[in-house]
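Asker: One structure, as structure tokens, below. Some questions next.
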Amino acid sequence: MALQRRVDVVPSSSATSETMTEAEWMACSDPEPMLEFLRDKASNRTLRLFAVACCRCIWLLLSDERSRIAVEAAKRLANSELSELERESVHREAGNAFLAAKTPACRDAHAPRTSGCAAARAALLCLLPDALEAAASASFQVANAMRRLPGCDFIEEFTRVRLTQTQLLRELIDPFAPNTDGRV
């Protein structure tokens, strides 16, 4: 029998309460509602490491060294080993790598349209100042990169990657485990 403990979280962006039961957490197939549920609950370190782990899954798609450096810098940022000045510098270089990865189709659509462009965008997003935004945005672009690989079914691959990300998130965070400081 699944536990039905419920955790209430009040998002910082609104006055409404976001709730999720443990059963809902375990059944969730999209990391976005899980991440939103973790707002003000999970540590910045854990959220940023989730973003890094997602990007490590597409390491081979990060063809520009500046993108790989951004992912490694995000890990250092999660561990409080990166100054704000360094973050800004690496973020700027990752932005240049993303611009270099843009194809005409990406520029015309104002969004990543190739796996390489989406991968470079994911690496760039790992370094956003807000860890929750970094986790949500980078994980989405990782799935976007994977579904754009040649021979992949666009919808099936996106769904498969997002499901894998929920499993990873469950491994990193258990918001229903007893915790003395209220953070996970």
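The values are calculated or read from the model by the stated rules, or taken from the named source; none is laboratory data. Everything numeric here is computed off the predicted structure, so don't read it as measured data. Ideal geometry is used to build each Cβ from the backbone, glycine not excepted, and the neighbour counts take in all protein chains shown.
Asker: Output the residues belonging to segment 56-86 that are among the charged types (D, E, K, R) and out of contact with any helix residue (DSSP H, G or I) (no Cβ under 6 Å at 6 or more places or on another chain).
Answerer: 56, 65, 68, 72, 76, 81, 84, 86
Asker: Anything in segment 36-48 that is surrounded by fewer than 23 Cβ atoms within 10 Å (Cβ to Cβ) and not aromatic (Phe, Trp, Tyr)? List them, or say none.
Answerer: Selection gives 36, 39, 40, 41, 43, 44, 45, 46.
Asker: If you don't mind, another one. When you go through 24, 81 one by one, which is the residue that is out of contact with any strand residue (DSSP E or B) (no Cβ under 8 Å at 6 or more places or on another chain), modelled with pLDDT of 95 or more, of a type in the set (Asp, Glu) and farther than 20 Å from residue 167 by Cβ?
Answerer: 81
Asker: Restricting attention to segment 59-80, which residues are aliphatic (A, V, I, L, M) and either farther than 11 Å from residue 91 by Cα or touching a His at 6+ places or on another chain (Cβ under 9 Å) (or both)?
Answerer: 60, 61, 62, 70, 73, 77, 78
Asker: Hey, another quick one. How do the pairs read when you match residues in segment 24-35 that are in contact (Cβ under 8 Å) with a residue 40 or more places away in the chain with residues anywhere that are not in a helix (DSSP H, G or I), using Cβ under 6 Å and keeping only pairs 6 or more apart or on different chains?
Answerer: 34/28
The rows are residues; the columns are (1) among the hydroxyl-bearing types (Ser, Thr, Tyr); (2) under 17 Å from residue 135 (Cβ atoms); (3) modelled with pLDDT of 95 or more.
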{"position": "46", "(1), (2), (3)": "yes, yes, yes"}
{"position": "56", "(1), (2), (3)": "no, yes, yes"}
{"position": "69", "(1), (2), (3)": "no, no, yes"}
{"position": "77", "(1), (2), (3)": "no, yes, yes"}
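Asker: Can you report the number of residues in segment 1-21 which are outside any loop (DSSP other than H, G, I, E, B), modelled with pLDDT under 50 and not hydrophobic (A, V, I, L, M, F, W, C)?
Answerer: 2
Asker: Still on this structure, I have one more. Restricting attention to helices (runs of 4 or more DSSP H) lying wholly within segment 72-184, give those where 2 or more residues are touching a residue at least 12 places away in the same chain (Cβ under 8 Å) and crowded, with 20+ Cβ neighbours inside 10 Å.
Answerer: By residue number, 84-101, 115-125, 131-147, 154-172.
Asker: In this structure, does residue 67 turn out to be free of Cβ contacts under 8 Å to residues at least 24 places away in the same chain and in a helix (DSSP H, G or I)?
Answerer: no
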